[in-house]
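J.: Would you mind keeping the following structure in view while I ask a few things?
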Amino acid sequence: MVKQRVTDLGIFGGAPAFSEPVHVGRPNLGDRQALLTRINDVLDRRWLTNDGAYVQEFERRVAEIAGTNHCIALSNATVGLEIAAKALELTGEVIVPSFTFVATAHALAWHRLTPVFADVDPHTHLIDPRDVEARITPQTSAIIGVHLWGQVCDVNALQDIADRHGLKLILDAAHAFGCVTPDGPAGGFGALEVFSFHATKFVNSLEGGAIVTNDDELARRVRLMRNFGFLGYDHVGSVGTNAKLTEFNAAMGLTSIDAMDDFVRLNRRNHQLYASGLADLPGISLKTYDDRQRLNYQYIVAEVDPAVCPISRDRLLDLLWAENVRARRYFYPGVHRMEPYCSQMNPALRLLPATERASARVLVLPNGETATPACIERICALTRFAVERGSDITAQLELRGRGVHADVLSG
Ligand code: T4K
């Protein structure tokens, strides 16, 4: 529905532009028939989990795309980061960006390691190697770089710092499956990299993750840890956990990989549609990427500049939610502002200006298979209307209390 007047907006009681919620992270499904065929195979074989045939095939395909010697499929990326910390025998402090999904830090804290938050580059949103180096102490044992939005972080600078200080380098590659830099694909950097194949990722295995590495001994340890430390039937050699991927998950993962080039094409097309739909809007910029990297384009990241845009990021978010567009403020407010980190953190280390800036500006918009050109056109038209009438909308909203986004979240 085209909005003619400000009072037509959902936030003022008008009919929402979409009858159903349009989500960021709506899963891509790929070829449903191929998936069902694989699921039938699993049932016929009666081999449902524990290193089954599809898990092994999934590992081969992931390793091939990542260009690594080893891939160990896991139940999710969070447990992958936990296993990485155990397998690399991390201790004390680990430097991580604050501008990331909370799992990057939780995986450490869960194992009594202390995440130390580093700032990011204000333009790329990637961990800033100079700030990493400034935060190293005698307790630091590792650095976790995050390939945010699928951009591979500055792995050469991070590896150099890690080598000079005797630290391990782990890469949280949850967003970066299939991304390729001039130095090679995401997967082969640092001691190991961790992918996520959660339902919301452009290639998904419902839930799922993987550790990839070129280190034979590390791969062996990770594989044992994934399955309780079992060396064989009745033979346990070390402490482990249960982080196994099931055959249904691998069936979905393989089906998703089959369609991955189509998904990337679709994501790129969507990015271009958003770029032209949001062009020339004051204070709204769509994140563009370094052409030297081949990216998966799974996140459509807009930034709202409060000094220029006539409507604030949070009011725009509220307005979109009232139209059933479930845009997201990833990764607001920054992990350093979440508990328990916020209370435990040394106040002197809380200065993360680029993280604060990005968390105050970013708005992630729907993408993937379900974001059709018509849907994107409507989201862009709503955003344009909101920006063009921003002052009027803001004035009227100030008369109201809470926003729709807050109302929906609080149920
Ligand atoms: N490191 C980084 C940098 C990460 O971004 C993540 C995960 C991890 C590590 C850990 O990976 P995993 O352990 O999850 O493998 C989502 C995802 O759950 C999370 O995996 C992802 N990052 C993060 C960026 O996004 P939330 O908090 O946004 O909520 P969620 O999962 O409820 O989904 C978002 C939206 O997607 C929903 O509003 C609706 C839609 N959705 C979701 C699911 C699951 C659907 O339409 N259908 C679905 O089946 O975290």
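J.: Cβ-Cβ under 7 Å, sequence separation 6+ or interchain: first residue in the stretch 124-142 and modelled with pLDDT under 95, partner surrounded by fewer than 21 Cβ atoms within 10 Å (Cβ to Cβ). Which pairs?
T.: none
J.: Condition first: away from the ligand (no atom under 16 Å from the Cβ) and either touching a helix residue (DSSP H, G or I) at 6+ places or on another chain (Cβ under 6 Å) or modelled with pLDDT under 95 (or both). Now tell me which residues in the stretch 184-200 satisfy that. Reasoning before the result, please.
T.: First, pick out the residues of the stretch 184-200 that are away from the ligand (no atom under 16 Å from the Cβ): 184-185, 188, 191.
Result: P185, single match.
J.: Shifting gears a bit: Could you check how many residues of the stretch 322-345 are within 18 Å of L278 (Cβ to Cβ) and of a type in the set (A, V, I, L, M, F, W, C)?
T.: Of all residues in the stretch 322-345, those within 18 Å of L278 (Cβ to Cβ) come to 323, 325-330.
If we keep only those that are of a type in the set (A, V, I, L, M, F, W, C) as well, we get 325, 327.
The qualifying residues number 2.
J.: Scan the stretch 319-337 and give yes if some residue there is under 26 Å from N204 (Cβ atoms), touching a strand residue (DSSP E or B) at 6+ places or on another chain (Cβ under 6 Å), open to solvent by less than 20 Å² (accessible area, probe 1.4 Å) and outside any loop (DSSP other than H, G, I, E, B), otherwise no.
T.: Yes: the stretch 319-337 contains one or more residues that are under 26 Å from N204 (Cβ atoms), touching a strand residue (DSSP E or B) at 6+ places or on another chain (Cβ under 6 Å), open to solvent by less than 20 Å² (accessible area, probe 1.4 Å) and outside any loop (DSSP other than H, G, I, E, B).
J.: Give all pairs with beta carbons closer than 7 Å in which a residue from the stretch 335-346 that is over 11 Å from V102 (Cα atoms) meets a residue that is open to solvent by less than 80 Å² (accessible area, probe 1.4 Å); count only pairs at least 6 apart in sequence or on separate chains.
T.: The qualifying pairs are C342/H336; M345/H336.
J.: Oh, and also: Among the residues of the stretch 10-28, which ones are over 21 Å from R328 (Cβ atoms) and either open to solvent by less than 30 Å² (accessible area, probe 1.4 Å) or not in a helix (DSSP H, G or I) (or both)?
T.: If we filter the stretch 10-28 for residues that are over 21 Å from R328 (Cβ atoms), which is where we start, we get 12-15.
Within the stretch 10-28, G13, G14, A15 meet the criteria.
J.: Which of the residues belonging to the stretch 1-43 are closer than 17 Å to M252 by Cβ and more than 16 Å from the ligand (Cβ to nearest atom)?
T.: In the first step, residues of the stretch 1-43 are kept if they are closer than 17 Å to M252 by Cβ; the result is 25-43.
Hits for the stretch 1-43 are D31, Q33, A34, L36, T37, R38, I39, N40, D41, V42, L43.
J.: Evaluate the stretch 283-299: report whether one residue or more is open to solvent by less than 60 Å² (accessible area, probe 1.4 Å), more than 16 Å from A371 (Cα to Cα), modelled with pLDDT under 95 and in a loop (DSSP other than H, G, I, E, B).
T.: yes
J.: So I379 ticks every box in (1) among the β-branched types (V, I, T); (2) buried (at least 22 other Cβ atoms within 10 Å of the Cβ); (3) part of a loop (DSSP other than H, G, I, E, B) but one. Which box is left unticked?
T.: Going through the list (1) among the β-branched types (V, I, T); (2) buried (at least 22 other Cβ atoms within 10 Å of the Cβ); (3) part of a loop (DSSP other than H, G, I, E, B), I379 breaks only (3).
J.: I need the full set of residues from the stretch 145-182 which are among the charged types (D, E, K, R) and either at pLDDT below 95 or assigned to a helix (DSSP H, G or I) (or both), in order please. Even if it seems obvious, please write down each step before you answer.
T.: Keep residues of the stretch 145-182 that are among the charged types (D, E, K, R), which gives 154, 160, 163-164, 168, 172.
Selection gives D160, D163, R164.
J.: Related question: Go over the candidates V102, V62 one by one and state the one that is within 15 Å of the ligand (Cβ to nearest atom), of a type outside the set (S, T, Y), surrounded by fewer than 24 Cβ atoms within 10 Å (Cβ to Cβ) and within 21 Å of T200 (Cβ to Cβ).
T.: On the way: V62 fails: surrounded by fewer than 24 Cβ atoms within 10 Å (Cβ to Cβ).
From the options V102, V62, the qualifying one is V102.
J.: If you check A84 against the conditions, is it within 16 Å of the ligand (Cβ to nearest atom) and touching an Asp or Glu at 6+ places or on another chain (Cβ under 7 Å)?
T.: Values: within 16 Å of the ligand (Cβ to nearest atom): yes; touching an Asp or Glu at 6+ places or on another chain (Cβ under 7 Å): no.
Answer is no for this residue.
The values are calculated or read from the model by the stated rules, or taken from the named source; none is laboratory data. These numbers were taken from a predicted model, which means no experiment stands behind them. Heads up, the Cβs are rebuilt from the backbone with ideal geometry, glycines too, and the neighbour counts pull from every protein chain shown. Remember, those area values only see protein heavy atoms, side chains included, never the ligands or the DNA or RNA. Shrake-Rupley method; radii C 1.70, N 1.55, O 1.52, S 1.80 Å.
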